[in-house]
Amino acid sequence: MVYIIINIILLVGGFIVLIKGADMFVDGASNVAKNFKVSKMLIGLTIVAFGTSAPEFAVSVKGLLSESFDIVLGNVIGSNILNILLILGVASLVHPLVVKNNTVKKELPITLLITTLFAVLLSDNIFDKSMVNNFTRGDGIVLILFFLVFIYYLITLMRNKVEDEKEEEVWKLSKSILFTVLGLVMIIVGSDFVVESASSLAKEIGISERIISLTIIALGTSLPELVTSIMATKKGEYDIAIGNVVGSNIFNIGIVMGLPVTILGGITKIAFSYIDLIVMIGAALLLFIFSRNDYKIKKSEGIAFLIIFVIYYSYVILG
């Protein structure tokens with residue numbers, strides 16, 4: 001009983017640290033953009049996206065080293081689905097998300113392209129029996145090369161200085177960086193506490209390892225993106241909210257998946273459902289279609305995301 005109480009306290013404490021960290025992180029990242037006079041979308045695609053993807057990267061490396069290949073693949077596929085369907089779905093309920101023209105024409109097509117490439121590489125290998133269902137080092141290199149194209153695009157964004165649309169108080173650069181770094185540390189530490197305490201509670205109650213990995217761990221590694229995007233939306237920082245998800249998905253495929261496989265070797269005996277790949281591509285496609293319609297992700301479209309999320313997860317857990 002004492003053990004359960006301790007884990008509940010850690011769970012609540014983890015959420016408090018996570019939410020406060022996200023609040024500081026968004027404010028810090030927004031002010032970094034103002035200091036350098038670069039777009040907040042660029043900050044969302046880089047500092048925010050890469051920072052909040054740290055848990056996925058840690059899980060991926062740990063999974064490859066321990067040869068837990070299902071966790072590696074499930075981590076990337078699951079997180080990319082969660083990022084769009086759950087995170088943008090919830091964020092759009094807080095407030096409709098305004099999507100800029102440049103995002104619709106460039107960032108979202110890049111996301112759809114690399115997502116489709118990843119799915120094709122996986123589905124192609126499943127039919128090649130000579131490769132014993134491997135996701136090879138060569139596949140990892142291909143993903144990294146496409147990620148480098150994305151980096152080149154980010155460099156072009158950095159060259160375009162922007163002026164503030166309205167006069168706003170801007171923090172000093174030192175304070176902006178401090179809040180960004182401290183907020184990110186709090187997000188990672190808080191999400192770790194939440195995942196560990198929730199997993200311990202689930203085991204204590206008697207929930208199976210399979211359900212824990214499909215729910216708590218998958219959602220846990222996406223908690224930084226979820227809380228950060230919601231907090232950014234509440235503050236009206238829609239570029240940071242959307243850039244966080246878009247950048248995280250690209251980072252997950254190119255680096256979280258591509259880099260460890262390239263360095264540590266391929267994945268053998270791939271086990272996945274085509275439904276997972278279809279939903280992953282479908283989510284990216286829907287995000288593009290919804291955004292292209294009227295340059296907004298409306299509440300009704302957010303509800304559609306959440307309905308698909310519930311149907312998909314019901315299939316995963318009960319199927």
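The values are calculated or read from the model by the stated rules, or taken from the named source; none is laboratory data. Please read all numbers here as calculations on a predicted model, not as lab measurements. Virtual Cβ from ideal backbone geometry, glycine too; neighbours counted across all protein chains shown. Note: accessible area is taken over every heavy atom of the protein model, side chains too, but ligands, DNA and RNA are not part of it. Shrake-Rupley method; radii C 1.70, N 1.55, O 1.52, S 1.80 Å.
Annotations
- DSSP H segments from the chain that extend 20 Å or more along their own axis, Cα-based, with Kyte-Doolittle mean of 0.0 or above: 2-36, 108-127, 137-159, 173-205, 218-234, 274-294, 299-318
- Sequence ranges 238-245, 77-84, 134-141, ranked by mean other-Cβ count within 10 angstrom, highest first: 238-245, 77-84, 134-141
- Mean projection of the Cα convex hull over all viewing directions, computed for the stretch 245-319: 6.3 nm².
- For the chain, Kirkwood radius (reciprocal of mean inverse C-alpha pair distance, Å): 19.9
- Taking Cα centre as origin and charging only the Cβ of basic (Lys, Arg, +1) and acidic (Asp, Glu, -1) residues, the dipole magnitude of the chain rounds to 480 debye.
- For LEU264 and VAL98, the difference between the fully extended length at 0.36 nm per residue and the C-alpha to C-alpha distance is 55.7 nm.
- For ILE281, the solvent-accessible surface with a 1.4 Å probe is about 50 Å², rounded to the nearest 10.
- Extension gain from LYS203 to SER68, taking 0.36 nm per residue of separation minus the Cα-Cα distance: 46.6 nm
- The residues of the chain expose on average 45 square angstrom of accessible surface per residue, using a 1.4 Å probe on protein heavy atoms.
- Size descriptor, Kirkwood hydrodynamic radius, that averages inverse alpha-carbon separations across the stretch 1-102, Å: 16.5
- Computed over protein heavy atoms with a 1.4 Å probe, the carbon and sulfur contribution to the accessible area of the chain reaches 69%.
- Ranked by the mean number of other Cβ atoms within 10 Å per residue, highest first, peptides 21-30, 298-307 order as 21-30, 298-307.
- Largest accessible area first, the listed residues MET257, MET158 line up as MET158, MET257 when surface is computed with a 1.4 Å probe on the assembled protein chains.
- Ranking by accessible area, most exposed first, for ILE151, ILE19 with a 1.4 Å probe: ILE19, ILE151
- Between ILE19 and ILE311, the FRET efficiency estimated from the beta carbon spacing at R0 = 35 angstrom works out to 0.80.
- Flagged links, alpha-carbon separation over 29 Å, of LYS62/LYS175; LYS106/LYS235; LYS175/LYS296; LYS106/LYS172; LYS62/LYS235: LYS62/LYS175; LYS175/LYS296; LYS106/LYS172; LYS62/LYS235
- Accessible area in the full protein assembly, largest first, 1.4 Å probe, for GLU196, GLU237: GLU196, GLU237
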